[in-house]
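Asker: Please read through the structure below; I'll follow up with questions.
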Amino acid sequence: MNIALKRIAAAVALTAAMAGIAATAHAAPTAAIAAEAPDAKIHLTRVTPSYWKVTFASPPLNIVGPAEVRELVKIVDLIESDKQVQVVVFDSNVAGNFMAHYDLLKPLEESTGMKPGPTGMHPVPDLMVRIARLPVISIVSIRGRASGIGSELALAADMRFISREKGVLSQFEVGAGMVPGGGPMPRLTGRGRAMEILVAGEDINGDLAERYGYVNRAIPDAELDGFVDTMARRIASFEHQTVVDIKKLVDVASLPPDAEMQVGWDAFISSVQRPGTQQRLQALVKRGMQTPGDVETNLGRATAEYKAK
Amino acid sequence: MNIALKRIAAAVALTAAMAGIAATAHAAPTAAIAAEAPDAKIHLTRVTPSYWKVTFASPPLNIVGPAEVRELVKIVDLIESDKQVQVVVFDSNVAGNFMAHYDLLKPLEESTGMKPGPTGMHPVPDLMVRIARLPVISIVSIRGRASGIGSELALAADMRFISREKGVLSQFEVGAGMVPGGGPMPRLTGRGRAMEILVAGEDINGDLAERYGYVNRAIPDAELDGFVDTMARRIASFEHQTVVDIKKLVDVASLPPDAEMQVGWDAFISSVQRPGTQQRLQALVKRGMQTPGDVETNLGRATAEYKAK
Amino acid sequence: MNIALKRIAAAVALTAAMAGIAATAHAAPTAAIAAEAPDAKIHLTRVTPSYWKVTFASPPLNIVGPAEVRELVKIVDLIESDKQVQVVVFDSNVAGNFMAHYDLLKPLEESTGMKPGPTGMHPVPDLMVRIARLPVISIVSIRGRASGIGSELALAADMRFISREKGVLSQFEVGAGMVPGGGPMPRLTGRGRAMEILVAGEDINGDLAERYGYVNRAIPDAELDGFVDTMARRIASFEHQTVVDIKKLVDVASLPPDAEMQVGWDAFISSVQRPGTQQRLQALVKRGMQTPGDVETNLGRATAEYKAK
């Protein structure tokens, strides 16, 4: 396979990787499956029986690929089936990156054949919908870059807090020719700001993310962990049924229909297969994408520097 | 009746108090009924024929119970039936409190038997819907604490301004085990911020309330009264039909369906009857809730300090 | 025709002018029609094949009347039929005014008889809907006053940036007795802020416009042109189909139904014909409206100074 074909395979892999997870994903979950696998890239910590933490721990970039999606599916299975958990915090222990983006280099065969999740959708949009609908309050704590699927995971959660100095959000996909699924963005930020975030694809720092409603609040970096921990413990101390019922009421007024996620997914699938997108993805990978360095650190700028042949 | 039972009765009273108002509430209103009753806890002032003011005046906390709900129903009747009124400002003349919360101590018999309002809903959600739909512009001016039903009244109104230094908003209910009705919160603040406000139940100061879209603006305390009065007089000077028509257009695009208020109400009713909620309410009352002091002044903190037996 | 009647005719002209455009508007467009007419009040510049600029250039106030609506219709025709254009920036080259408001003085006969646009609506709401639905990203750059139809054009576009020091937005109509169409306002700013903007009708400066979500961002005046140009070139450099598909996804979640624009239009038509509105319009014109000076510069204040006879 020559380089060009390999690149195309990689991009198709990206597509396929998001489209299915091994059938075992929904077997009866046990704590050991996800949390204690020796090579787990995502750590599950039960801080207390009602307050869990999901930590992305795949240096240097916290790239998410098929294997990480499988881990995340198992963790969501565990959360769904536990009777005590009431709050889940998602964070990262990788300096500089909450979650860079989806894996652009994995070979095709690792991703094809993934089966739909319980919602009937491909595992990635399925995960987003399941996280949004968890009978648990989810809080995302963003330090470092949360791009692409990292931003989408943050949007799927119930609340988002970001390090004012060290957090970056972006939906860089447009710059690589891809249509980001987007999900609930327009309902959070309003039409004009959603359009800007999705169609200009620039890096958004903590301050602007707060002003745009992209996150709940930007918190000074030194206070972020304590702030999120205090809020998580507070919510975890409340009556379980009350917390669940409040979430349901908020859902009625604010949760997009699942069908929108499918529409976004279909648009993504179409976009990634177009020749122009393939060329942009190849150019970005050639310049260093998916390796720590300038392109990953300044993804918003890097995507704007592409010149068509 | 022992203390525990009395407490339970009180909480049921809270439920019932919100569920009906004496059948006389919709008799033909006269100015004297509400505005001039010598023991009125809510004052109605006709600043001009087109600009009225509703002032909560029940020291020390501006607690709202069945009697105050009846007064408010009569005032809303008056507003609905007047041909000239065009703007209504809601404020408080009680230092430190716009409206603390609903009465947690009133005996059962004062509240049971209340009949539904004109919308067919219990009088409290009925009031919220009627205020939202008034053919009049409503402005809430918040100085001091507006918690629980105080926050819900503010959300039902058309606009909210808060003292930057002396205003506090909160939906503390979750900390007492109760599900707040919520109403239009998610549409004002977005899903993430609504979830935080309702499920973390913390005190929100003026600055944060503005950043979250919970209020229109936080205004320096020294300027708040003048700002609201100027805006009220300005709107009152415009063409009546034009003002009404603009409100109708905004309603089409932004008013939640009445049915959502009913769903919220039902969730509240269920929550208040649960044993865990009863225990939390009793513990809070025992620590001083409903009496001026630390618990009322720091309700957000107080609700987090409950330890189950 | 005496002055009073002429004034009434002018106001009716306003109504009618917004209600139809000559049937030729949808003839096959050519670059020459709009962009190169020697007396064009709106300049169309093709900065690059994929990045166009529409500049309002009708000093001293950038008043829009029937002739300007016809020019704008032709420009929108050109944009809709071009295969390469991907971004359109709307700005003004008139100091102090992005677009003051609709023409209040044009004689009746210039405006009557205008035919509906392709959506079946009157040309002004038709233009707003067509701009919102363009398969192109539209960015409005606001320096000076954007009132009435200027604000509505900004709201119809995909993104809005305003000069922090020199930008003013307002829906002044209520102060002249008119119901502004409004459009997507409540979905951008939330119910409370939309109500304030539309029913108080005050001037909104750049800072407040940003805090209210009325615009994407307020940008320091010295940086505004460079900021918008950089963003436009960035978006213009991306894959055409990807940009179009992203806009469609955002539309699903955020674009008001066209029918709302019609409802707003009908309310406007009714309001402008009422005697109180006629009197207010006459009083404003008598005091200097539509001529550079205090009334136009401080329209928010001027509309509040009307005293009924």
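The values are calculated or read from the model by the stated rules, or taken from the named source; none is laboratory data. Since we're looking at a predicted model, the values are computed, not measured. Positions of Cβ are backbone-derived with ideal geometry, glycine not excepted, and every protein chain shown enters the neighbour counts. Note: accessible area is taken over every heavy atom of the protein model, side chains too, but ligands, DNA and RNA are not part of it. Shrake-Rupley method; radii C 1.70, N 1.55, O 1.52, S 1.80 Å.
Asker: How many nanometers, to one decimal and shortest first, lie between the label point of C:Lys307 and those of its other copies, if labels sit 7 Å from Cα toward Cβ?
Answerer: 6.9, 6.9
Asker: Can you pull the semi-axes for chain B, root of five times each eigenvalue of the Cα gyration tensor, sorted largest first, whole Å? Please list the in-between numbers first.
Answerer: Numbers: eigenvalues 171, 98, 67 Å².
Ellipsoid half-lengths, sorted descending, are 29, 22, 18 Å.
Asker: Which residues of region B:141-169 bury at least 30 Å² of accessible area once all protein chains are present, versus their chain alone (1.4 Å probe)?
Answerer: B:Asp158, B:Met159
Asker: Check each residue of region B:237-262 and keep those whose accessible area, probe 1.4 Å, is at least 50 Å² smaller with all protein chains in place than in the chain alone; give them in order of residue number.
Answerer: The answer is B:Phe238, B:Glu239, B:Thr242, B:Ile246, B:Leu249, B:Val250, B:Ala253 - residues whose exposure falls by at least 50 Å² when every protein chain is included.
Asker: Taking all protein chains as present, what is the carbon and sulfur share of the accessible area of chain B, in % to the nearest whole number, probe 1.4 Å?
Answerer: On the way: 6130 of 10840 Å².
Here carbon and sulfur together make up 57 percent of the probe-accessible area.
Asker: Taking each label point as 7 Å beyond Cα in the direction of the beta carbon, state the distances from B:Ala95 to the same residue in the other copies, shortest first, in nm.
Answerer: Result, one decimal in nm: 5.4, 5.4.
Asker: What shape does region C:214-256 have by the C-alpha gyration tensor, where a ≥ b ≥ c are the square roots of the eigenvalues, rounded means a/c under 1.5, and otherwise prolate means a/b greater than b/c and oblate the rest? Mind dumping the intermediate values first?
Answerer: Working: a/c = 5.56, a/b = 1.45, b/c = 3.84.
Oblate shape, in that a/c is at least 1.5 and b/c is the bigger or equal ratio.
Asker: For chain B, what's the relative contact order in percent, using C-alpha pairs closer than 8 Å and at least 6 residues apart?
Answerer: On the way: 587 pairs, mean separation 58.7, N = 309.
For chain B, the relative contact order is 19 percent.
Asker: How charged is the neighbourhood of C:Asp266? Take every other residue with its Cβ under 12 Å from the Cβ of C:Asp266, and add Lys/Arg as +1 and Asp/Glu as -1. Kindly include the intermediate steps, with their values, before the conclusion.
Answerer: Numbers: positive: B:Lys248; negative: B:Asp245, C:Glu260.
Summing Lys and Arg as +1 and Asp and Glu as -1 gives -1.
Asker: In a GNM of chain C with a 10 Å cut-off on Cα contacts, which of C:Ala209, C:Ala218, C:Ala40 has the highest mean-square fluctuation?
Answerer: Between C:Ala209, C:Ala218, C:Ala40, it is C:Ala40 that shows the largest mean-square fluctuation.
Asker: Same structure, new question: Using the Cα centre as the reference, give the magnitude of the dipole from point charges on the C-beta atoms of region C:123-218 (Lys, Arg: +1; Asp, Glu: -1; all else neutral), rounded to the nearest 20 debye. If you can, show how the numbers build up before the last one.
Answerer: Numbers: 12 positive and 10 negative charges, 57 e Å.
The calculated dipole for region C:123-218 is roughly 280 debye.
Asker: Under a 1.4 Å probe, what is the accessible area of the protein assembly as shown per residue, stated in Å²? Write out the running numbers ahead of the final one.
Answerer: Working: 32480 Å² over 927 residues.
It amounts to 35 Å² per residue over the protein assembly as shown.
Asker: Which is the longest stretch in chain A that no exposed loop site breaks, taking sites as GluC sites (Glu not before Pro) with a DSSP loop state and at most 16 other Cβ atoms within 10 Å? Each step should come with its number before you reach the end.
Answerer: Numbers: sites that count: A:Glu36, A:Glu305.
Excluding the exposed sites themselves, the longest stretch runs over A:37-304.
Asker: Evaluate the charge dipole of the protein assembly as shown about its Cα centre and quote only its size in Debye, nearest 20, assuming +1 on the Cβ of each Lys and Arg and -1 on the Cβ of each Asp and Glu. Please report the intermediate quantities before stating the final value.
Answerer: Values: 99 positive and 102 negative charges, 13 e Å.
So the magnitude is around 60 debye.
Asker: Something else now. Kirkwood Rh over Cα pairs of region B:169-309 into Stokes-Einstein at 37 °C, 0.692 mPa s: D in µm²/s?
Answerer: 186
Asker: Looking at region A:88-190, what % of the alpha carbon pairs are farther apart than 20 Å? Intermediate values should be presented prior to the final figure.
Answerer: Details: 2283 of 5253 pairs.
Percent of Cα pairs beyond 20 Å in region A:88-190: 43.
Asker: Another question, if that's okay. Among A:Arg217, A:Arg274, A:Arg130, which one moves the most in a GNM of chain A with springs linking Cα atoms closer than 10 Å?
Answerer: A:Arg274
Asker: Determine the percent antiparallel among the DSSP beta bridges restricted to chain A, to the nearest 5. Show your work: numbers first, answer last.
Answerer: Details: 9 of 33 bridges.
Antiparallel bridges: around 25 percent, rounded to the nearest 5.
Asker: Extending each Cα 7 Å along its Cβ direction at C:Val252 and B:Lys286, get the distance between those two points in nm, one decimal.
Answerer: Taking the simple label geometry, C:Val252 and B:Lys286 are separated by 5.3 nm.
Asker: Continuing with the same structure: Write down the Kirkwood hydrodynamic radius of the protein assembly as shown, to one decimal in angstroms, obtained as one divided by the mean of 1/r over all alpha carbon pairs. Walk me through the numbers on the way to the answer.
Answerer: Working: mean 1/r = 0.0343 Å⁻¹.
Evaluated over the protein assembly as shown, this radius sits at 29.2 Å.
Asker: Next up: Mind listing the label-point distances from A:Ser270 to the same position on all other copies, shortest first, one decimal in nm, points 7 Å along Cα→Cβ?
Answerer: 4.0, 4.0
Asker: Mind running the shape call on region C:129-176? Use the C-alpha gyration tensor, a ≥ b ≥ c as the square roots of the eigenvalues: rounded below 1.5 for a/c, prolate if a/b tops b/c, oblate otherwise. Before the final figure, lay out each step's value.
Answerer: Values: a/c = 3.95, a/b = 1.34, b/c = 2.94.
Since a/c reaches 1.5 but b/c is at least a/b, the shape of region C:129-176 is classed as oblate.
Asker: Which of these, A:Val285, A:Val73, A:Val168, has the largest mean-square fluctuation under a Gaussian network model of chain A (Cα springs below 10 Å)?
Answerer: Of A:Val285, A:Val73, A:Val168, the most mobile in the Gaussian network model is A:Val285.
Asker: Report relative contact order for region A:57-179 in percent, whole number only (criteria: Cα-Cα under 8 Å, sequence separation at least 6).
Answerer: Working: 190 pairs, mean separation 33.3, N = 123.
Relative contact order, region A:57-179: 27 percent.
Asker: Not counting ligands, DNA or RNA, and with a 1.4 Å probe, what is A:Leu134's accessible surface area in Å² rounded to the nearest 10?
Answerer: Accessible area of A:Leu134: about 0 Å².
Asker: Follow-up. Between A:Ser270 and B:Gln84, how high is the FRET efficiency from 1/(1 + (r/R0)^6) when r is the Cβ-Cβ distance and R₀ = 51 Å? Nearest 0.05. Display every interim value, and only then the final one.
Answerer: Working: r = 59 Å, r/R0 = 1.16.
Once the sixth-power term is evaluated, E becomes 0.30.
Asker: For a quick size check, give me the Cα extents of region A:259-309 along its three principal axes, largest first, whole Å.
Answerer: Between the extreme Cα coordinates on each principal axis of region A:259-309 lie 37, 25, 16 Å.
Asker: Once you order the gyration tensor axes a ≥ b ≥ c over the Cα atoms, which shape class does region A:57-130 get: rounded for a/c under 1.5, otherwise prolate or oblate by comparing a/b with b/c?
Answerer: Working: a/c = 2.45, a/b = 1.10, b/c = 2.24.
Oblate.
Asker: Out of B:Leu188, B:Ser81, B:Gln278, whose Cα points farthest toward the positive end of the dipole of chain B (charges: +1 Lys, Arg; -1 Asp, Glu; placed on Cβ)?
Answerer: Result: B:Gln278, furthest along the dipole toward the positive end.
Asker: Something else now. Report the charge-dipole magnitude of chain C in Debye, nearest 20, computed about the Cα centre from +1 at each Lys and Arg Cβ and -1 at each Asp and Glu Cβ.
Answerer: Numbers: 33 positive and 34 negative charges, 115 e Å.
Using only the charged Cβ atoms, the result is roughly 560 debye.
Asker: On to the next question. I'd like the interface area for chains C and B: accessible area of each alone minus the complex, both sides summed, 1.4 Å probe, protein heavy atoms only. What is it in Å² to the nearest 100? Write down the numbers at each step before the final one.
Answerer: Values: alone 13660 and 13640 Å², together 24500 Å².
Counting both chains, the buried surface is close to 2800 Å².
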